[in-house]
Structure formats: C-alpha cells, structure tokens
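The values are calculated or read from the model by the stated rules, or taken from the named source; none is laboratory data. What you see is a predicted model, and the numbers here were worked out from it, not measured in a lab. For neighbour counting, all protein chains shown are included, and Cβ atoms are generated from backbone atoms with ideal geometry for every residue, glycine included.
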Amino acid sequence: MNRTALLGAVGAVGLVIQIVLGFAVAGTAHPTESAILVPHVVIGVAGLALVAYLTLSIFRSASLGTARLVYGLTLLLTLAQVALGYGLILGGGAQGILMAHEGVAVLILILMAAGGMVSARARRMAAQPSQPQTSPS
Ligand code: HEM
C-alpha cells in the first residue's frame, strides 16, 4: 500500500468516526455547547486538509480522469461541509443547515468509497504490463 492509499484509508476511517461523532453531538441537549463538538470540529478541519492533500496528489499523478473528478468533488463538498458546520454553530443549529450538513456527510462518504475504488483500479492498471497493440490489417 503506497502513502496516498494509506492516507485514503485513514481518511475513510476518520470520516466514519466523524459521522458517529456528528450524530452524538446532535443528540446532546445543547449541541453547540457540547464537549464532543471539539473533536468533531478538529477532525473536520484536519479532514479538509487531508482531502486537499489527497486531491493534490491525484491531480499531480497521471491518474484517470474519473479519479480527478471524484476527488475534486470530494474536496468541494468537504469545504462546504466545514462551512456548514460553522454555520450550524453561528446559526444555533438551524434545521435547514443541519439537514444539508447531514446530506453532505453521506455524499462525502459515497465519494470517498468511489475514490478508493477508482484509484485502486488506476493502480492496478499502472502495475499491469501494457497490452501488445494489434494493428488493423
Ligand atoms: C467534514 C467533516 C464533517 C462531517 C462528515 C460532519 C458530519 C456531521 C453529522 C453526520 C452530524 C449529525 C447531523 C444530524 O444529526 O442531522 C453533524 C452534526 C454537527 N456538526 Fe458536523 N461534520 C463535519 C464537520 C463539521 C465542522 C468542521 C463543524 C464545525 C465547525 C461541525 C459542526 C457540527 C455541529 C454543531 C453539529 C450538531 C448540530 C446540531 O444538532 O445542532 N461539523 N456533523
């Protein structure tokens, strides 16, 4: 497993922990004053940095266009998710922002899984010796 794949796996595990923490925060009487909010914000901001790093490495490598699309979208959504999180704190947990924050969390989860599959396929293709070309006669 190379460094990018390892960081991707760390990101995926962190995302699941983050979603569990998010529901734990939302389940408390005063979410914006809850102590669980601290690790939730820290993991959220660290997650954004991790996704930015992964996206940069994908864009700098000769990877498939699909991987670039999936990671680019993941970065945009993670950025939006952090903004929505701050919106929740400032807006005192407004219902609309909460629903958007929950929906974006699920989308990021789906995209991270898709990103893992696409880059695994790209790695497999790069490891295979190129197929002999058959010229049309
Ligand atoms: C990218 C990472 C993040 C993910 C995947 C995530 C996910 C979640 C989820 C699934 C919930 C539960 C939502 C619900 O019950 O409907 C939640 C709640 C919450 N999140 Fe996040 N979150 C992230 C980042 C952040 C950040 C960076 C902040 C703050 C700056 C934040 C602030 C909050 C707050 C305040 C709540 C509770 C809202 C309430 O119940 O009033 N989140 N999060």
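If you go through the stretch 51-62 and keep only what is farther than 30 Å from L37 by Cβ and either in a helix (DSSP H, G or I) or modelled with pLDDT of 90 or more (or both), you end up with S57, I58, F59, R60. Filtered by the rule that a residue be surrounded by 16 or more Cβ atoms within 10 Å (Cβ to Cβ), among the hydrophobic types (A, V, I, L, M, F, W, C) and more than 19 Å from I110 (Cα to Cα), the stretch 19-35 gives V25, A26. If you filter the stretch 63-76 down to residues that are modelled with pLDDT of 95 or more and surrounded by fewer than 16 Cβ atoms within 10 Å (Cβ to Cβ), you find that the one that is farthest from G22 (Cα to Cα) is G72.
Out of curiosity, is T28 polar (S, T, N, Q), farther than 19 Å from A120 by Cα, in a helix (DSSP H, G or I) and within 10 Å of the ligand (Cβ to nearest atom)? No, not satisfied. Here L21 fulfils each of the conditions (1) part of a helix (DSSP H, G or I); (2) away from the ligand (no atom under 12 Å from the Cβ) apart from (2). Condition check: within 11 Å of the ligand (Cβ to nearest atom), surrounded by 13 or more Cβ atoms within 10 Å (Cβ to Cβ) and either at pLDDT 90 or above or part of a helix (DSSP H, G or I) (or both). Does G8 satisfy that? In short, no.
Residues that are touching a Ser or Thr at 6+ places or on another chain (Cβ under 6 Å), near the ligand (Cβ under 10 Å from one of its atoms) and not in a helix (DSSP H, G or I): does the stretch 36-48 have at least one? No, that holds for no residue.
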